[in-house]
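Asker: First the structure, which I've put down as structure tokens, then a few questions once you've had a look.
The values are calculated or read from the model by the stated rules, or taken from the named source; none is laboratory data. Computed from a predicted structure; not experimentally measured. As a convention, Cβ positions derive from the backbone with ideal geometry for all residues, glycine included, and neighbour counts pool all protein chains shown. Ligands, DNA and RNA are excluded from the accessible area calculation, which covers all protein heavy atoms including side chains. Shrake-Rupley method; radii C 1.70, N 1.55, O 1.52, S 1.80 Å.
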Amino acid sequence: METFQALVARQDGDRITAAVETLSPSDLPPGEVTIRVLFSSVNFKDALALTPKGGVVRDYPIVPGIDLTGEVVESQSPDFGVGDKVLAHGYQIGTGHHGGYAEYARLPADQVVALGALSPREGAAIGTAGFTAAMSVQALIDWGIVPDAGPIVVTGASGGVGSVSVDLLAAAGYHVVASSGKEAAAAMLKELGAAEVIGRLPTDPDAKPRPLAKARWAGAVDCVGGATLADVLSSVDYGGAVAASGLTGGPALHTTVMPIARRRELWALLGDSLKPRHLDSVTSDVDVKDVVGVLDQLRAGSYSGRAVVRVAGGF
């Protein structure tokens, strides 16, 4: 590996530009594990990385791509050997140091997870969004919200986190109410297992938020934030729970608090009992050289489901 291709975002005054460039190993950040990247995915944070004053990148240039899957080509860690299939996401990948939209990545070993039973494409299809969905669903289960407790609402249901949440909750036997402003996504949400599909919450966006409203939900997975999260919190049953990860409707959370051991446990479940049933139904593929167009759609709110980014052979 003398040189490799990467999609590099640069700041030019008030503009953020992105173009394919040739990098060398010296451009990679420090770390014990060097990975030949096979796939990444599209996430709202990746769109923010290409947005002026997006708030997730402090210093440019940066290779976006907050998650990646691939093959270890060099390792100084006893946990990983050359040829191991791995994934990584979260931390500052793609926001504080170079991420998945490059043919190679180098990371600290404690940010890397073995793919296990998942293929590299499946790992990318689940990606950060699917992992967040799994965390949200598991949080409701850990809180004691059982399937017969009542309906579970998923807001932003047509997005990456929302669609996987609908899939996982329906598979676990919950009565899922999918909330989405995209009428065209109703059929997809029904296919994923939603018992009902409703419009955006709150139904009256101009109404003054109430601290308490009529109880409607036994629990919720909120992927929007802002006024939507306020509406859901006001109408959840006493003793219910809301797993909130939304960015688009309110302030963003740009960090991770999950210990690596717990992260690896949850990824093992995603390759087994928590594996989404309809990954292919909600996932499309795009070459990394064309990913900016998909990020533009995501930023505009016109993209539904998940997008797997082909990195190997995608430049």
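Asker: Being of a type in the set (A, V, I, L, M), in a loop (DSSP other than H, G, I, E, B), under 20 Å from residue 244 (Cβ atoms) and open to solvent by less than 10 Å² (accessible area, probe 1.4 Å): is that true of residue 157 here? Lay out the reasoning, then the answer.
Answerer: Values: of a type in the set (A, V, I, L, M): yes; in a loop (DSSP other than H, G, I, E, B): yes; under 20 Å from residue 244 (Cβ atoms): yes; open to solvent by less than 10 Å² (accessible area, probe 1.4 Å): yes.
Against the criterion (of a type in the set (A, V, I, L, M), in a loop (DSSP other than H, G, I, E, B), under 20 Å from residue 244 (Cβ atoms) and open to solvent by less than 10 Å² (accessible area, probe 1.4 Å)), residue 157 qualifies.
Asker: Still on this model: Look through 79, 59 and report the one residue that is of a type in the set (D, E, K, R), part of a loop (DSSP other than H, G, I, E, B), open to solvent by 50 Å² or more (accessible area, probe 1.4 Å) and farther than 19 Å from residue 263 by Cα.
Answerer: 59
Asker: For residue 220, work out the one condition from (1) part of a helix (DSSP H, G or I); (2) out of contact with any Ser or Thr (no Cβ under 6 Å at 6 or more places or on another chain) it doesn't fulfil.
Answerer: The one condition residue 220 does not meet is (1).
Asker: Now, a different point. Take the residues in the stretch 62-76 that are part of a strand (DSSP E or B) and touching a Leu at 6+ places or on another chain (Cβ under 9 Å); name whichever of them is farthest from residue 20 (Cα to Cα).
Answerer: By that ranking, first place goes to 71.
Asker: Taking the stretch 17-56 on its own, how many of its residues are outside any strand (DSSP E or B) and either surrounded by fewer than 22 Cβ atoms within 10 Å (Cβ to Cβ) or not basic (Lys, Arg) (or both)?
Answerer: 23
Asker: Looking only at the stretch 8-26, count how many residues are modelled with pLDDT of 95 or more and either among the acidic types (Asp, Glu) or not assigned by the TED database to the domain that holds residue 105 (or both).
Answerer: The number of residues fulfilling the criteria is 1.
Asker: Residues in the stretch 86-145 that are open to solvent by 10 Å² or more (accessible area, probe 1.4 Å), in contact with a Phe, Trp or Tyr (Cβ under 8 Å, 6 or more places away or on another chain), among the aromatic types (Phe, Trp, Tyr) and in a helix (DSSP H, G or I): how many?
Answerer: Final tally of qualifying residues: 0.
Let's see how each residue does on (1) open to solvent by less than 10 Å² (accessible area, probe 1.4 Å); (2) in contact (Cβ under 8 Å) with a residue 40 or more places away in the chain; (3) among the β-branched types (Val, Ile, Thr):
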{"position": "148", "(1), (2), (3)": "no, no, no"}
{"position": "163", "(1), (2), (3)": "yes, yes, no"}
{"position": "166", "(1), (2), (3)": "yes, no, yes"}
{"position": "177", "(1), (2), (3)": "yes, yes, yes"}
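Asker: Among the residues of the stretch 1-42, which ones are out of contact with any strand residue (DSSP E or B) (no Cβ under 7 Å at 6 or more places or on another chain), farther than 19 Å from residue 76 by Cβ and in contact (Cβ under 8 Å) with a residue 40 or more places away in the chain?
Answerer: Listed by number, the list holds a single entry, 11.
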